Amino acid sequence: MCGPMERAEKELALQVEDGHRDLTLEHAGIAVRLFNESGRRRGLLPDCLIAAAAIHDGTGLARANLSDFRRFETVGLKLT
């Protein structure tokens, strides 16, 4: 829920979100691989960390802007 959000968007996000997840070494390892394989572009690391946690945990990713995460579908990210 980073960045500007309308009130309705925040309320929806809170309904979808089911708690926090701690970042693990396994998540970090996947994120580093995604970052390196994606061209190490500035600003991409946070997306890699989010995608890595969802891939490792086998969960879907619900985002308002899915276009930033489509690149990770080929490595197992499920977008919802």
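Which numbered condition in (1) open to solvent by less than 80 Å² (accessible area, probe 1.4 Å); (2) touching a residue at least 24 places away in the same chain (Cβ under 8 Å) is the only one that K78 fails? In the conditions (1) open to solvent by less than 80 Å² (accessible area, probe 1.4 Å); (2) touching a residue at least 24 places away in the same chain (Cβ under 8 Å), K78 misses (1) alone. Contact map, the range 19-44: first residue under 12 Å from I55 (Cβ atoms) and at pLDDT 90 or above, second residue part of a loop (DSSP other than H, G, I, E, B) and open to solvent by 100 Å² or more (accessible area, probe 1.4 Å), Cβ cut-off under 9 Å, separation 6 or more or different chains; pairs are H27/R21; A31/L23.
Note on the range 38-59: residues that are loosely packed, with under 12 Cβ neighbours inside 10 Å and touching a helix residue (DSSP H, G or I) at 6+ places or on another chain (Cβ under 7 Å) total 0.
State all residues of the range 31-51 that are over 30 Å from R7 (Cβ atoms) and within 12 Å of the chain's Cα centre (by Cα); if no residue qualifies, say none. Hits for the range 31-51 are A31, L34. Got at least one residue in the range 11-33 being of a type in the set (D, E, K, R) and exposed (fewer than 10 other Cβ atoms within 10 Å of the Cβ)? Yes, some residue in the range 11-33 is of a type in the set (D, E, K, R) and exposed (fewer than 10 other Cβ atoms within 10 Å of the Cβ).
Would you call R63 at pLDDT 85 or above and either open to solvent by 40 Å² or more (accessible area, probe 1.4 Å) or within 14 Å of the chain's Cα centre (by Cα) (or both)? Considered against the rule, which asks whether it is at pLDDT 85 or above and either open to solvent by 40 Å² or more (accessible area, probe 1.4 Å) or within 14 Å of the chain's Cα centre (by Cα) (or both), R63 comes out as no.
The values are calculated or read from the model by the stated rules, or taken from the named source; none is laboratory data. None of these values were measured; they are calculated from a predicted model. A quick note on method: Cβ atoms are made from the backbone with ideal geometry, for glycine too, and the neighbour counts reach across all protein chains shown. The area values use the complete protein model at the heavy-atom level, side chains included, leaving out ligands, DNA and RNA. Shrake-Rupley method; radii C 1.70, N 1.55, O 1.52, S 1.80 Å.
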